[in-house]
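Step one of this worksheet: look at the structure below.
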Amino acid sequence: MGSGIVLIMFVVMAVVVWMEFGQAELYSTKLMHRFSEEIRAIRVSRNRREGNGSFGNDEIWPQKGSSMYYRRLLSSDLRRQKLKMGAQFRYVFPSEGSTTLPLGNDFGWLHYTWVDIGTPNVSFLVALDTGSDLLWVPCDCFQCAPLSSSYYSNLDKDLNQYNPSGSTSKKDVSCSHKLCKLGSNCKSPKQPCPYIVNYDTDDTSTSGLLVEDILHLTSATANGSHNSVRAPVIIGCGSKQSGGYLTGVAPDGLMGLGLGEISVPSFLAREGLTGNSFSLCFNEDDSGRLFFGDQGIANQHTTPFLSSDIGNITYLVGVEACCIGSSCLEQTDFEALVDSGASFTYLPDKVYQRVVSEFDSQVNSTKSSFEGYPWQYCYKSSSEELPKAPSLSLKFAANNSFEVIDPLFVIYDDQGAVGFCLAIQTTDGDIGTIGQNFMTGYRMVFDRENKKLGWSRSNCEDLSDGKSIPQEPSNGNSQNPLPTDQQSAPNGHAGAPAFAGRTPLKSTAESTYLLTQQLHVPELLLLVLLIVHIVL
């Protein structure tokens, strides 16, 4: 304790000497209230450039001293307190259960889950899509997909339509709402907010009005008990669908799980109900799980999300190379969207050509074609048992490898398996898509708080008892190591190892001198407080 006090006195004396003889620099800045006219002018100017002309009206920019002014400040304080207090629940999942369902070709090979919305609650079978943001359901339909179970081969009950007037917890969302993207098109800021979402596939879209209602969820605690959670969210009352949404893909709605403020994970995190993360698990038997708040296991593999040119609005990752068998291919780096709303995987054309060519050279089967299947690289099987195909893996930063468990699509007839296809396709542009088929066998963690994607091998066990899925066995090595002769980057330059040793520390005296030469007075005072905290 005595030596600690001496050290503190020494540092304090150094600060005093610096303040007396050094050239202390003073900095100042103007403070502006969040609802000041200066801030309002800045926000209005920016939103006009972005095409959101509704920003700046009194409903979202209240007059100082008004009741709305104080309600907005109080609401902001409560949200900040929820964030500071941390997540209320470890895991949260739909009240109907965490299970996700694959429903085959009738439903576009996507995964679905049952969710309850409104008061009284009504159940909807929604597709799970990490590539979009909005939760929408069919509502006041004049152009929607059939909802009768007789239209689908995999349903045992009819699907539902949302009735806004039938829910006592429904609230209107006006054009002045900050999440109303089409607010500038409204005649009045008080009229209901319209929405339209256009998807990339086959002119597929949904449109209607935004409303706020309750999403019914269940929480799991450490002792295995469950709590009912009523989460206010904004949903799309989808009165008109087009494209694939009229032919069976998401007939009863879709849950966007993207990074946008209007997505369900964003609402749950802002309300302090869960951490800002979720997981999707796709088992090899086609079952799956969805958990909000799940950040995965300690030794899972991870790679950071990238920022796109239009902002950090998608789950974008950087693939350094594609590997077929023991060969990691040069010039196969690309950026990819991680999209559960895509059934299959798409590669930029230059990458696709190298991957399929290498796969074709390693597979021991006769190339063929099968009518009705979209893939170019398909092969016949001359026996009941399919031949062993070469493995496919994606190489991420720091030698983190993602081994695709089953990149093949098996083709059957009355006699059984007659062939298989490499289930990847080419896409225009430089950005590919890691689809649902590549995620099979993994617990995929979308850690939005730490801006990274995590994955670990999993059988998609149930977390609803509040317990963690057992961790992968760890022996200090990567679960999916790259071939030993392919440790260099695709351009031939060796990549730096994740831990290349530590920089030798300078002596205490030299370090102190460098600190006092580089830090200003406020920083030195912070240093003193830090040392006091460490010593005492």
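The values are calculated or read from the model by the stated rules, or taken from the named source; none is laboratory data. Only a predicted model underlies this, so the values are computations on that prediction, with no experimental measurement involved. Every residue, glycine among them, receives a Cβ derived from its backbone with ideal geometry; neighbour counts consider all protein chains shown. Side chains included, ligands, DNA and RNA excluded: accessible areas come from the protein's heavy atoms. Shrake-Rupley method; radii C 1.70, N 1.55, O 1.52, S 1.80 Å.
Annotations
- When both the range 164-208 and the range 390-450 are represented by their alpha-carbon centers, they are found 35 Å apart.
- Note on D462 and S148: the extension gain reaches 110.0 nm, defined as 0.36 nm multiplied by sequence separation minus the Cα-Cα distance.
- The calculated FRET efficiency for V410 paired with S184, based on their beta-carbon distance and R0 = 60 Å, is about 0.75.
- A cut-off of 5 Å between modelled amide H atoms, ignoring neighbours fewer than 5 places along the same chain, links R90 with A220.
- Peptides 158-165, 105-112 ranked from most to least packed by the mean count of surrounding Cβ atoms within 10 Å: 105-112, 158-165.
- With all protein chains modelled, accessible area of K367 [1.4 Å, Å²]: 100 Å²
- Taking amide H as placed 1.01 Å from N in the peptide plane, the amide H of G238 sits under 5 Å from that of V137, C139, each at least 5 places away or on another chain.
- Which listed pairs, of K170/K240; K240/K350; K187/K240; K181/K395; K178/K451, have C-alpha distances above 26 Å, in listed order: K240/K350; K181/K395
- For the range 335-344, Karplus couplings with θ = phi - 60° (6.51, -1.76, 1.60), whole Hz, Gly/Pro x: 9, 9, 7, 9, 10, 6, x, 9, 5, 10
- Protection proxy ranking, highest mean first, for peptides 435-447, 171-183, 402-414: 435-447, 171-183, 402-414, where packing is the per-residue count of other beta-carbon atoms within 10 Å, averaged.
- Phi-derived couplings, Karplus 6.51 cos²θ - 1.76 cosθ + 1.60 at θ = phi - 60°, listed residue by residue for the range 113-124: 8, 8, 10, 10, 10, x, 9, x, 6, 10, 8, 9 Hz, with x used for Gly and Pro.
- Ordered from largest to smallest accessible area (heavy atoms of protein chains, 1.4 Å probe), the residues H216, H226 come out as H226, H216.
- Per-residue ³J(HN,Hα) for the range 347-352, Karplus 6.51 cos²θ - 1.76 cosθ + 1.60, θ = phi - 60°, Hz, x for Gly and Pro: 10, x, 4, 5, 6, 4
- The listed peptides 343-353, 270-280, ordered by packing as a protection proxy, come out as 270-280, 343-353 (highest mean of other Cβ atoms within 10 Å first).
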